[in-house]
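A.B. asks: One structure, as structure tokens, below. Some questions next.
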Amino acid sequence: MDIHFTADKPSPEEKAAVDSKLGPPATAWEGGERRAASDGRTSSGGHRGQAERHRLLPVLHAIQSRVGWISAGAINYTALRLDLPPAEVYGVASFYGLFSLSQRPPVVAHVCDDIACLTRGAEEICKDLESKLGASGAPCMSNRAMWLRSPCLGLCERAPAALVTSAGEEPRERVLAPANPNSIQSLVRDAIEGKLPEEPDVLNPNLSVPQAGRPEIHLLRRIGQADPTSLDDYRRMDGYQALRRALDLGPEGVVREMIDSRLLGRGGAAFPTGKKWESVQAQRKPGCKHFVICNADESEPGTFKDRVIMEGDPFAVIEGMTIAALAVGAQKGYIYLRGEYPYAAKRLAHAIQAARAHGLLGGNILGRGLHFDIELRRGAGAYICGEETALFSSIEGYRGEPRNKPPFPTQAGLFHQPTLVNNVETLINVPEIIRTGGAAYARIGTENSAGYRLFCVCGHVARPGVYEVPFGATLHGVIDLAGGVGGNGQLQAVLLGGAAGAFVSPKELDTPLTFEGTRAIGATLGSGVIMLFDNTIDLKKILLRIAAFFRHETCGQCVPCRVGVVRQDEALRRLAGRQPLGSVDQEVRTLREMGQAMRDASICGLGQTASSALESALNRWSLFS
Ligand SMILES: Cc1cc2nc3c(=O)[nH]c(=O)nc-3n(C[C@H](O)[C@H](O)[C@H](O)COP(=O)(O)O)c2cc1C
Ligand code: SF4
Ligand code: FES
């Protein structure tokens with residue numbers, strides 16, 4: 001895109017979108033009457049610019065969803081209103097996959113061609129759309145729509161998946177899963193005619209949580225049994241008992257229960273939750289603001305459990321955050337939600353509103369002097385923003401680039417204040433722990449992996465969905481729970497933990513799904529993905545898709561990752577195309593060396609794990625000889 005900061009002015013729609021988030025311009029200067037955004041003399045981001053910068057991402061969202069893309073004029077006007085240099089606004093807008101800086105039709109179908117959808121016909125769908133509508137990214141239907149290949153949309157249990165968005169004064173988003181070429185085209189036509197249907201029943205518990213209603217589940221017990229829009233239903237099924245007990249226990253008592261529970265974070269790094277809470281609590285000093293963040297970015301291919309929780313039991317997330325806030329002394333919380341989750345956004349926004357209306361958020365919660373409120377922030381299509389420090393940068397209005405640690409988030413996190421970040425699944429364990437007691441919770445599971453665990457079972461399996469088991473169940477046991485191997489019934493491989501995880505072979509199905517059990521076979525539970533592949537799948541294609549994912553998602557900030565993910569993708573393509581540089585062995589050796597360099601020298605977990613799946617496959621199969 002050629003950006004001409006000196007000439008471009010916003011359209012009335014773009015101005016309206018920006019003003020809808022920032023209010024009407026207070027001064028003629030901001031209104032652009034004395035000077036358009038545009039005479040080249042740009043601010044360098046003065047006091048006001050820094051103070052208001054955190055509003056940048058919501059503003060960019062507003063423009064994208066109103067107009068369908070973000071023009072140079074819109075960037076200029078945003079820069080003017082936020083008192084930031086246009087280059088800074090451009091830098092942020094260009095970071096996110098859901099924002100377009102080139103003109104686009106208002107209707108876009110995002111069609112997932114990622115690994116779970118590949119097992120369920122995604123490539124055939126994309127080929128069909130190519131033949132009928134033209135290439136991915138090219139305008140079609142008289143320039144009123146386009147379709148785009150997309151990374152995992154977090155709907156893998158209902159693969160193949162698509163998401164249709166329609167920009168305008170009343171923007172709409174509609175999920176389609178399972179999708180087929182006809183249903184996608186028909187929805188796109190509806191969207192063009194302004195008739196994109198309202199969402200159907202958001203979550204079908206029978207489809208997404210096959211254990212729904214069964215007595216053996218705890219964390220997921222309300223899904224399908226309680227109306228997720230009803231606070232009364234939530235209370236009828238134990239809701240807010242835990243917060244009352246937490247208020248009686250006080251901050252120190254709550255942290256003690258969390259430590260006793262031996263809960264490890266479910267976001268991938270498996271850090272002890274109680275210890276993390278204790279560290280944030282210990283930072284309490286006058287003038288220090290603390291924050292609680294629910295990490296709901298869930299963009300790891302194959303992962304969808306957090307979405308199902310947020311759509312099916314949103315009050316549990318809010319209660320978990322409120323107890324966390326009490327423990328660490330935070331008055332403000334954020335839920336950082338993946339941009340591609342429109343229904344979860346609606347459910348959470350409704351639940352926050354309802355909790356506020358009933359004195360369960362806001363000032364003096366339950367009349368007990370606790371002050372805490374939650375703001376919902378939507379990401380915009382960047383996997384790296386799930387990394388906790390990148391998430392801070394994103395909320396603060398910067399590019400979602402990770403920061404060096406230390407300092408750790410518990411000391412200097414969001415806005416450089418002590419911050420507690422927990423995953424959605426981690427947080428819904430909290431009410432369960434406080435209600436039943438930390439010691440009782442610790443007795444569930446195994447010695448080193450306490451409690452319940454949610455798994456995202458997908459790919460070639462009979463009944464895909466989110467499954468809950470106490471730690472200790474074997475991989476075989478969970479696959480059986482999900483009805484056994486699907487596809488042609490001949491299991492070739494299982495991907496554990498997502499794109500950043502590891503492949504295991506059918507010989508390893510007796511592995512206990514615990515942190516220690518998976519570590520023993522060189523794998524990881526990661527974000528809880530269990531993705532099955534039958535023997536019709538060419539694993540090389542799956543590896544190529546994973547490599548392309550990391551190449552696309554690196555933030556590019558540090559050299560080993562920025563260069564490594566590109567070289568990895570190139571080498572893999574050469575091997576798959578039987579055109580290695582030198583011999584196959586040499587090329588494979590180079591791939592392994594690159595993996596080692598990324599593991600050793602990358603700043604964050606993305607680079608450190610970008611070669612894990614590939615190397616696990618190389619360790620188990622001779623894919624290229
Ligand atoms: C590239 C990358 C992406 C991540 N994405 C997520 C995510 O979507 N959700 C999440 O909870 N944690 C994610 N994490 C882990 C977070 O950095 C952090 O460890 C986690 O949110 C802490 O919560 P927990 O202690 O409850 O697990 C990601 C980490 C990396 C390196
Ligand atoms: S490892 Fe990759 S994603 Fe992480 S900071 Fe470095 S370049 Fe960015
Ligand atoms: S929705 Fe397609 S891979 Fe997850």
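A.B. asks: Can you figure out the FRET efficiency of Lys132 with Asn364, using R₀ = 51 Å and their beta-carbon distance, to the nearest 0.05?
C.D. replies: Calculated transfer efficiency: 0.30.
A.B. asks: Testing the spin-label approximation: label points 7 Å from Cα along Cα→Cβ at Ala601 and Arg284. State their distance in nm.
C.D. replies: About 4.5 nm separates the two model spin labels.
A.B. asks: Provide the packing ranking of 537-550, 447-460, i.e. peptides ordered by the mean count of other C-beta atoms within 10 Å per residue, highest first.
C.D. replies: The densest-packed peptide leads the list: 447-460, 537-550.
A.B. asks: Moving on. Hey, what does the equivalent ellipsoid look like for the chain, semi-axes from the Cα gyration tensor as sqrt of 5 times each eigenvalue, largest first, whole Å?
C.D. replies: Taking √(5λ) for each eigenvalue gives 35, 33, 24 Å, largest first.
A.B. asks: Related question: Sorting check: for 476-488, 519-531, which peptide has the highest mean count of neighbouring beta carbons within 10 Å, and how do the rest follow?
C.D. replies: Descending mean neighbour count gives 519-531, 476-488.
A.B. asks: For the pair Asn143/Arg589, report the inter-label distance in nm, with labels modelled 7 Å from Cα in the Cβ direction.
C.D. replies: With each label placed 7 Å out from Cα toward Cβ, I get 5.6 nm.
A.B. asks: Taking a probe of 1.4 angstrom, what is the accessible area of Glu173 in Å², to the nearest 10?
C.D. replies: The accessible area comes out at roughly 70 Å².
A.B. asks: If you don't mind, there's one more thing I want to ask. Suppose the chain between Phe408 and Asp227 were pulled fully straight at 0.36 nm per residue; how much longer would it get relative to their current alpha carbon spacing?
C.D. replies: That works out to 61.3 nm of additional length.
A.B. asks: With a Förster radius of 45 Å, plug the Cβ-Cβ distance of Val559 and Gln103 into 1/(1 + (r/R0)^6) and report the FRET value to the nearest 0.05.
C.D. replies: 0.85
A.B. asks: Okay, moving on. If Lys and Arg each add +1 and Asp and Glu each add -1, what is the summed charge of the other residues whose beta carbon sits under 11 Å from the beta carbon of Thr410?
C.D. replies: +1
A.B. asks: If you don't mind, another one. Using alpha carbon coordinates only, what is the Rg to Rh ratio of region 158-234, with Rh defined as the Kirkwood radius?
C.D. replies: Across region 158-234, the Cα-based Rg/Rh ratio is 1.09.
A.B. asks: Quick check: at a probe of 1.4 Å, how many percent of the accessible area of the chain sits on carbon and sulfur atoms?
C.D. replies: Carbon plus sulfur share of accessible area: 49 percent.
A.B. asks: Enumerate the calculated ³J(HN,Hα) couplings along region 155-163 in order (Karplus 6.51 cos²θ - 1.76 cosθ + 1.60, θ = phi - 60°), each rounded to whole Hz, writing x wherever the residue is Gly or Pro.
C.D. replies: 3J(HN,Hα) across region 155-163, in whole Hz: 10, 4, 6, 10, 4, x, 10, 8, 9.
A.B. asks: I'm checking a number: the convex hull volume of the Cα atoms of region 533-574, normalised per residue, in Å³. What is it?
C.D. replies: Considering the Cα atoms of region 533-574, their hull volume per residue is 58 Å³.
A.B. asks: May I ask you to list the lysines whose Cα is less than 27 Å away from that of Lys21, ignoring any residue fewer than eight positions away on the same chain?
C.D. replies: Partners found: Lys9, Lys195, Lys289, Lys332, Lys346.
A.B. asks: Separate question: Can you list, largest first and rounded to whole Å, the semi-axes you get for region 81-227 by taking the square root of 5 times each eigenvalue of its Cα gyration tensor?
C.D. replies: Calculated on Cα positions only, the semi-axes equal 30, 22, 16 Å.
A.B. asks: So for region 460-527, averaging the separation of alpha carbon pairs under 8 Å that are six or more residues apart and normalising by length, what relative contact order in percent results?
C.D. replies: Worked out over region 460-527, it gives 32 percent.
A.B. asks: Excluding ligands, DNA and RNA, what is the solvent-accessible area per residue of the chain at a probe of 1.4 Å, expressed in Å²?
C.D. replies: Each residue of the chain exposes 38 Å² on average to a 1.4 Å probe.
A.B. asks: Show that you can apply the helix-only estimate: for the chain, add -39,500 (n - 2.57) for every DSSP H stretch of four or more residues, divide by all residues, and state [θ] at 222 nm to the nearest 500.
C.D. replies: Rounded to the nearest 500, the figure is -12500 deg cm²/dmol.
A.B. asks: Please work out how much length the chain gains when fully extended from Phe415 to Gln331, using 0.36 nm per residue of separation minus the C-alpha to C-alpha distance, in nm with one decimal.
C.D. replies: Stretched out fully, the Phe415 to Gln331 stretch lengthens by 28.8 nm.
A.B. asks: What does the convex hull of the alpha-carbon atoms of region 260-323 project to on average, in nm²?
C.D. replies: Value for region 260-323: 5.5 nm².
A.B. asks: Suppose R0 equals 51 Å; then what is the FRET efficiency for Arg519 and Ala26 from their Cβ-Cβ distance, rounded to the nearest 0.05?
C.D. replies: According to the calculation, E is roughly 0.35.
A.B. asks: Dipole of the chain, Cα-centred, from +1 at each Lys and Arg C-beta and -1 at each Asp and Glu C-beta, to the nearest 20 debye?
C.D. replies: 720 debye
A.B. asks: For region 394-477, go through all pairs of different Cα atoms, get the mean of 1/r, take its inverse, and jot down that Kirkwood value in Å.
C.D. replies: It works out to 16.1 Å.
A.B. asks: Here's something else I'd like to know. For region 94-104, take each phi angle, set θ = phi - 60°, evaluate the Karplus expression 6.51 cos²θ - 1.76 cosθ + 1.60, and give the result in whole Hz per residue in order, putting x for glycine and proline.
C.D. replies: Running phi through 6.51 cos²θ - 1.76 cosθ + 1.60 with θ = phi - 60° gives 7, 7, 9, x, 7, 9, 10, 9, 10, 4, 9 Hz.
The values are calculated or read from the model by the stated rules, or taken from the named source; none is laboratory data. Since this is a predicted model, take the numbers as computed values, not measurements. Note: ideal-geometry Cβ built from the backbone for every residue, glycine included; neighbour counts use all protein chains shown. Keep in mind that these areas ignore ligands, DNA and RNA; they rest on the heavy atoms of the full protein, side chains included. Shrake-Rupley method; radii C 1.70, N 1.55, O 1.52, S 1.80 Å.
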